[in-house]
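Colleague: Quick one: the structure is below, questions incoming.
No value in this document is a laboratory result; all are computed from the given coordinates. Predicted model, so just to flag it, every value in this text is computed and none were measured. Here Cβ is always computed from backbone atoms with ideal geometry, including for glycine, and neighbour counts include all displayed protein chains.
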Amino acid sequence: MADIAPVLKAVVPAAGLGTRFLPATKATPKEMLPIVDKPAIQYVVEEAVDAGLNDVLMITGRSKRSIEDHFDRAYELEEALRAKGDDERLGAVRESSELAIMHYVRQGEPRGLGHAVHCARQHVGDEPFAILLGDDMIDARDRLLKRMIEVRGQYGGSVVALMEVEPDQVSAYGCAAIEATDEDDVVRISDLVEKPAAEEAPSNWIIIGRYVCDPAVFDVLEKTPPGRGGEIQLTDALRTLADMPADQGGTVYGVKFRGRRYDTGNKLEYLRTVVQFASERPDLAPEFMPWLREFVQKHDS
């Protein structure tokens with residue numbers, strides 16, 4: 001196999017309207033909603049950096065300026081904290097601006113995830129790149145993205161993250177038809193279906209919000225017509241790539257993920273995520289957990 005280019009860049013689509021969280025997202029991007037005391041989007045950028053990707057392109061839209069501000073320096077706030085001698089909060093404020101080299105491009109109109117990814121073409125160029133969706137948070141202890149980059153380096157092509165779910169859940173996701181390889185956690189993707197009915201799903205393995213894509217995906221996206229919901233679907237482009245020869249940037253592999261994933265795409269899952277994170281925080285858990293147990297007991301009685 002020819003030398004496979006390393007993955008050095010990450011693309012984070014963050015242009016959605018966040019309608020499931022209205023009215024909170026009327027003036028605040030959904031990606032900036034806090035998981036305890038840190039915006040969800042920061043956890044995603046930290047994951048990219050932890051996997052060795054410190055060049056991060058954020059795909060934004062109108063009313064998303066606060067995302068850029070969050071990853072920028074806040075000199076007045078920093079000076080106020082420095083004057084108070086509040087080194088702990090000063091460090092927390094500066095951390096986000098020192099995480100990565102951040103870039104931004106706007107998706108002019110909401111035409112789907114595939115269109116958002118295509119907006120990254122000029123920045124990414126002819127390099128492979130990772131895509132991290134802000135609605136999916138992967139526990140930092142599980143190193144999913146790093147494993148996906150390893151698989152891309154070994155096999156080439158594109159790589160998606162897969163997670164097994166109950167049959168009645170597949171209709172909410174893109175679903176994969178898979179073929180085994182010599183590695184237990186790696187499969188070859190033979191087909192992809194966006195949000196199939198349970199009886200039409202090729203498997204119970206769904207695509208979650210992590211991808212490592214060959215740059216050939218850009219040419220495919222350019223020719224991909226609108227699909228489900230009248231939007232350009234990344235799943236449709238990956239389906240095309242799965243049928244293309246490897247020497248043209250084709251083939252798609254999947255990494256079976258059995259670790260800890262937090263879905264912040266709807267209110268119930270968002271609340272569960274906040275509770276789980278608070279329960280594991282050493283500065284909060286000693287007081288939060290006894291209160292939570294008492295609260296649950298009162299409501300169960």
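Colleague: Expressed as a rounded percentage, what relative contact order does the chain have, with Cα pairs under 8 Å and six or more residues apart? Could you put the intermediate results ahead of the total?
Modeller: Values: 555 pairs, mean separation 60.7, N = 301.
It rounds to 20 percent for the chain.
Colleague: Do any trypsin sites (Lys or Arg not before Pro) in region 59-98 lie in a loop, going by DSSP, with at most 15 other beta-carbon atoms within 10 Å of their beta carbon, and if so which?
Modeller: R62, R73
Colleague: Sorted from largest to smallest, which semi-axis lengths in Å does the alpha carbon gyration tensor of region 77-235 give for its equivalent ellipsoid, taking the root of 5 times each eigenvalue? Display every interim value, and only then the final one.
Modeller: Working: eigenvalues 226, 82, 60 Å².
Three semi-axes, in Å: 34, 20, 17.
Colleague: Here's something else I'd like to know. What is the distance in Å between the Cα centroid of region 220-251 and that of region 79-135?
Modeller: Taking the Cα centre of each part, region 220-251 and region 79-135 sit 26 Å apart.
Colleague: If packing is taken as the mean number of other Cβ atoms within 10 Å per residue, what is the order of 21-29, 218-226, highest first?
Modeller: The most tightly packed comes first, giving 218-226, 21-29.
Colleague: Separate question: Would you mind computing Rg(Cα) / (2.2 N^0.38 Å) for the chain, counting N as its residues?
Modeller: Ratio of Rg to 2.2 N^0.38 Å for the chain: 1.04.
Colleague: Between the DSSP loop rule and a limit of at most 13 other Cβ atoms within 10 Å, which GluC sites (Glu not before Pro) in region 151-215 are left?
Modeller: When the GluC sites (Glu not before Pro) of region 151-215 are filtered for loop state and at most 13 Cβ neighbours within 10 Å, E183 remain.
Colleague: Okay, next question. Can you compute 3J(HN,Hα) from phi for each residue in region 215-226, using the Karplus curve 6.51 cos²θ - 1.76 cosθ + 1.60 with θ = phi - 60°, rounded to whole Hz and x for Gly and Pro?
Modeller: Per residue, the Karplus-derived 3J(HN,Hα) values read x, 4, 4, 5, 5, 5, 4, 4, 9, 7, x, x Hz.
Colleague: Sticking with this one: List the lysines whose Cα sits under 21 Å from the Cα of K38, skipping any in the same chain fewer than 8 residues away.
Modeller: In chain and number order, the partners are K26, K30, K64, K267.
Colleague: Going by amide H atoms built from the backbone, whose H comes under 5 Å of the H on G174, apart from near neighbours?
Modeller: K195, I207
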